[in-house]
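Any read-out appearing in this document is the output of simple, stated calculations on the displayed coordinates, not a laboratory observation. What you see is a predicted model, and the numbers here were worked out from it, not measured in a lab. Don't worry about glycine lacking a Cβ; one is built from the backbone with ideal geometry, like all the others, and counts go over all protein chains shown.
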Amino acid sequence: MSFSDLGLSPPLLRAVAERGYAEATPIQTAAIPAILRGGDVWASAQTGSGKTAAFVLPLLQQLSAEPRGRGRFVRVLILVPTRELAAQIGESVRRYGRYLPVALKTLVVYGGVSINPQMIALGGGADVLVATPGRLLDLIAHNALSLDVVEALVLDEAYQLFALGFADELGRILALLPPRRQTLFFSATFPPAVWRLAESLDRKSTRLNSSHVSESRMP
Ligand code: AMP
């Protein structure tokens, strides 16, 4: 399907056209309209399926439609297992958002590097925060950010979050998020722990008739 049939705004279509994509991949065709409707989505998606654009594009559209909050607030939180994936997604967010009329603040945080520059960068909050779980909790412990008004949570490569032993951290982060938010859940595989987490996050299960996306609406 063509990207222009998915309900995306002209600045986002321009950024997509610049990438030279001929048409949307199946995960993009299924997920983008569902996310734009405000529903929760969980999808079985491999790396290389185009899943990053499938959640980044509609989230950017939603963010640019609403003015920014103030303080140490994060509006979209993207949790990932590794710093490489964090950097990659941060780059995609900047690239796809480059023609939006409002400048969105995007930050990428991960462990293994000094926390101070990340704390300074988080002053004034962020529209999009891409984070690994441990460093996110460290930043919260330092009072560098608040998750009180997160509008959307993305869990990317969820199976790998579990495989790398982030289950406890995930539970602690989820407990800090507001219950009313959009949740987007992507995983290449659904072993039992991932399945249980997906189900626990799936508060209303209206599912799309699609092999790899299920959608549920916020109450
Ligand atoms: P991802 O699955 O998000 O890691 O994306 C894998 C690669 O596919 C990235 O290099 C993207 O730039 C590329 N890509 C994303 N969407 C499309 C598309 N619709 N057509 C062709 N390539 C795409």
Next on the checklist: Nearest 5 percent is fine: what portion of the DSSP beta bridges confined to the chain is antiparallel?
Outcome noted: 15 percent
Item to check | Net lengthening on full extension, Thr47/Arg172 (0.36 nm per residue, minus Cα-Cα) | outcome: 42.3 nm
Checklist entry - Under the Karplus relation 6.51 cos²θ - 1.76 cosθ + 1.60, θ = phi - 60°, what is the ordered set of whole-Hz ³J(HN,Hα) values for region 123-132, x standing for Gly and Pro? => result x, x, x, 8, 6, 10, 10, 9, 9, 8
Checklist entry - Convex hull over the Cα atoms of region 151-204, averaged projected area in nm²? => result 3.5 nm²
Next on the checklist: Show me, for region 7-22, the HN-Hα J-couplings you get by feeding each phi into the Karplus relation (A = 6.51, B = -1.76, C = 1.60, θ = phi - 60°), rounded to Hz, glycine and proline as x.
Outcome noted: x, 7, 6, x, x, 6, 5, 5, 5, 5, 4, 4, 6, x, 6, 6
Item to check | Descending Cα extents along the principal axes, the chain, whole Å | outcome: 45, 41, 32
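For Thr82 and Val149, compute 0.36 nm times the residue count separating them, minus their Cα-Cα distance, and round to one decimal in nm.
This chain segment gains 21.7 nm when fully extended.
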Item to check | Projected area, mean over directions - region 59-176, Cα convex hull, nm² | outcome: 6.8 nm²
Item to check | Viscosity 0.692 mPa s, 37 °C: Kirkwood-radius Stokes-Einstein D of region 57-97 over Cα pairs, µm²/s | outcome: 284 µm²/s
Checklist entry - With a ≥ b ≥ c the root eigenvalues of the C-alpha gyration tensor of region 83-144, is it rounded (a/c under 1.5), prolate (a/b larger than b/c) or oblate? => result oblate
Checklist entry - Helix-derived [θ] at 222 nm for the chain: sum -39500 (n - 2.57) over DSSP H runs of at least 4, divide by residue count, nearest 500? => result -12000 deg cm²/dmol
Checklist outcome for this item: Here the net charge surrounding Leu177, from other residues whose Cβ is less than 11 Å away from its Cβ (Lys, Arg +1; Asp, Glu -1), is +1
Checklist outcome for this item: Under 5 Å from the placed amide H of Ala126, counting only residues 5+ away or on other chains, we find Phe73, Val74, Arg75
Checklist entry - How many percent of the alpha carbon pairs in region 1-130 exceed a separation of 24 Å? => result 28 percent
Checklist outcome for this item: The answer for Asp40, listing residues at least 5 apart or on another chain whose modeled amide H is closer than 5 Å to its amide H, is Thr183, Ser216, Arg217, Met218
Item to check | Vicinal HN-Hα couplings computed from phi for region 152-161 (Karplus, 6.51 cos²θ - 1.76 cosθ + 1.60; Hz; Gly/Pro x) | outcome: 8, 10, 10, 10, 10, 6, 4, 4, 6, 4
Item to check | Selected from Gly97, Gly171, Gly125 as most flexible by GNM, with the chain as the system and alpha-carbon contacts under 10 Å | outcome: Gly171
Next on the checklist: Around Phe186, under 13 Å between beta carbons, what's the net of Lys plus Arg minus Asp minus Glu among the other residues?
Outcome noted: -2
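For a test of the definition: using alpha carbon positions, the gyration tensor, and the 1.5 limit on a/c, classify region 18-77 as rounded, prolate or oblate.
prolate
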